[in-house]
Amino acid sequence: MITTTLFPGRYVQGAGVFNRLGEEIARFGSRAFLICDPYVHDNLLHGYRKKIEKSTELVIERFKGECSDEEIERLSAIALKSSCSVIAGIGGGKTLDTAKAVAYKMKAPVAVAPTIASTDAPCSALAVIYKASGEFKRYLILPKNPDLVLVDTQIVAQAPARFLVAGLGDALATYFEAESCRQKYAGNMTGDVGSMTAYALAELCFHTLLEYGLAAKLACEAHVVTPALEHVVEANTLLSGLGFESGGLAAAHAIHNGLTVLEPTHDYFHGEKVAIGTLASLFLTDKPTEMISKVFDFCESLGLPTTLADIGLKDVSDDDLMKAAEGATAEGETIHNEPIPVTTASVFAALKAMDSMGRARK
Ligand SMILES: [Zn+2]
């Protein structure tokens, strides 16, 4: 059996570690093309620029807000003209994905510095490309993971806690999906089977969230860094990233994808919808009552969605919910990595059952 496991080249995390960004980038090149999201560009960068420039020359560009082919083209042209040897991105997921895509076009190394811990995107060898209008266009599978991922927990703690909580929702899916893939010998994001390393990291991710999730959220609300926050930022960013990419995806993300066909869910973060996908997957896959209660308790303690109304689907019709179930079970969807037979009807039933349980517990 062939297994493949993917890792970012170097993962650096801690309070104040942004001060080391220049030295860390300099490992990969002496002239960096730095793509900053608008908030970072206008508010954060001036505090660090001089420090970074002690180690590496900078060409700075403000990200226009969408990870689109047009924006990747624009930024690649500037990077090429300015003879940069390394690409760096600072900001949210779209900024980082754009930096990864630009580096791929340039065949240059890439460093990413997330300013929130809301998804497992920073560590992955994948960029999500959108149309200029904001609709999903395609996945760009990259030949390698970022060379450097640097997370300053002090900066993560300054962002609204909703980002961290959404990251907890995304990371919650990791163990259940990887475990389903393990049981079925289903492929991970490379198509090969996951390694025992990947499955063990997915399990560590789950235990870390349950143990420290609430304490981390409270620390983030108080804008302070505590060990619990550090553990959860690592779980959301590194463990969940390794777990999903090398362990594999299954029902939770497929149900998320199905839910996105319903317009009202667009106002909610990826991780918030993945939490609903995870809860529904527990009913779909016949998990013990004790486990279902444990995951509901966890989501409720954090304020993650536990009913359809919580993701904008208060009055959703059965016809619309069936459309979401159809999307979740489309050919090629990762829901077919579940070790039990899955149908559109069984996903519809799981969503209804999850919603009833969530409402009964409120
Ligand atoms: Zn996800």
* Describe numerically, in nm with one decimal, the distance between label points set 7 Å from Cα along Cα→Cβ at residue 356 and at residue 261. => 2.3
* Debye intensity ratio in log₁₀ form over the Cα atoms of segment 255-326, taken at each q of 0.20, 0.22 Å⁻¹ -> -0.83, -0.98
* Asked: log₁₀ I(q)/I(0) of segment 27-181 at q = 0.09, 0.13, 0.20 Å⁻¹, via Debye over equal Cα point scatterers, no solvent, to two decimals?
  -> -0.28, -0.59, -1.34
* Asked: When only alpha-carbon atoms count, how far does segment 69-110 stretch along each of its three principal axes, as whole angstroms with the largest first?
  -> 25, 20, 14
* Structure fact -> Expected vector for segment 39-53, Karplus 3J(HN,Hα) from phi with 6.51, -1.76, 1.60 and θ = phi - 60°, integer Hz, x for Gly and Pro, equals 5, 4, 4, 8, 10, 9, 4, 4, x, 10, 4, 4, 4, 4, 6
* Structure fact -> Of the listed links 81/131; 94/184; 107/217, those spanning more than 28 angstrom between alpha carbons are 94/184; 107/217
* Asked: By per-residue mean of other Cβ atoms within 10 Å, what is the highest-first order of 93-103, 3-13?
  -> 93-103, 3-13
* Taking a temperature of 4 °C and a viscosity of 1.567 mPa s, what whole-number D in µm²/s does Stokes-Einstein yield for segment 1-109 with Rh from Kirkwood over alpha carbon pairs? -> 90
* List every residue whose amide H lies under 5 Å from the amide H of residue 193, counting only residues 5 or more places away in sequence or on a different chain, with H placed 1.01 Å from N in the peptide plane. => 2, 4, 188
* Phi-based couplings in Hz for segment 235-246 (Karplus 6.51, -1.76, 1.60; Gly and Pro marked x) -> 5, 5, 9, 8, 5, 5, x, 5, x, 6, 6, 9
* **Computed Rg/Rh of segment 275-362, alpha carbon atoms with Kirkwood Rh** => 0.95
* Could you list which residues have their amide H under 5 Å from that of residue 58, counting only those 5 or more apart in sequence or on another chain, with H placed in the peptide plane? => 32
* **Leading residue at positive end of dipole, segment 213-285 (Cβ point charges), from 222, 242, 276** => 276
* Could you grab the relative contact order for the chain? Cα pairs under 8 Å, six or more apart, rounded to a whole percent. => 16
* Taking Rh as the Kirkwood radius computed over C-alpha pairs, what is the Stokes-Einstein D of segment 216-362 at 10 °C in a medium of viscosity 1.306 mPa s, expressed in µm² per second? -> 100
* Asked: What number, rounded to the nearest 500 deg cm²/dmol, is the helix-based mean residue ellipticity at 222 nm of the chain, given -39500 (n - 2.57) per DSSP H run of at least four residues and division by all its residues?
  -> -14500 deg cm²/dmol
* Asked: Hey, got the dipole for the chain? About the Cα centre, +1 on K and R Cβ, -1 on D and E Cβ, debye to the nearest 20?
  -> 1080
* What is the Cα radius of gyration of segment 144-267 over 2.2 N^0.38 Å, N being its residue count? -> 1.10
* Structure fact -> Charge dipole of segment 259-362 built from unit charges on the beta carbon (Lys, Arg +1; Asp, Glu -1), centred at mean Cα; most positive-end Cα among 330, 341, 302 is 302
* Asked: Counting only residues 5 or more places away or on other chains, whose amide H sits under 5 Å from the amide H of residue 126 once H atoms are built in the peptide plane?
  -> 142
* Which length gain, in nm to one decimal place, applies between residue 141 and residue 46 when the Cα-Cα distance is subtracted from 0.36 nm times their residue separation? -> 30.9 nm
* Asked: Taking the inverse of the average 1/r across all pairs of different Cα atoms in the chain, what Kirkwood radius in Å do you get?
  -> 20.6
* Asked: Among 52-58, 315-321, how do they line up from the highest to the lowest mean number of other beta-carbon atoms within 10 Å?
  -> 52-58, 315-321
* Where Rh is the Kirkwood radius over Cα pairs, Rg/Rh for segment 197-302 -> 0.97
* Structure fact -> Of every Cα-Cα pair in segment 119-211, the percentage lying beyond 22 Å is 43
* Structure fact -> Of the DSSP H helices in the chain, the ones reaching 24 Å or more along their long axis in Cα terms and averaging at least -1.0 in Kyte-Doolittle hydropathy are 161-184, 196-221, 344-361
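Read the figures in this text as sums done on the coordinates, not as results from a lab. Since this is a predicted model, take the numbers as computed values, not measurements. Note that each Cβ is placed from the backbone with ideal geometry, even for glycine, and that neighbours are counted across all protein chains shown.
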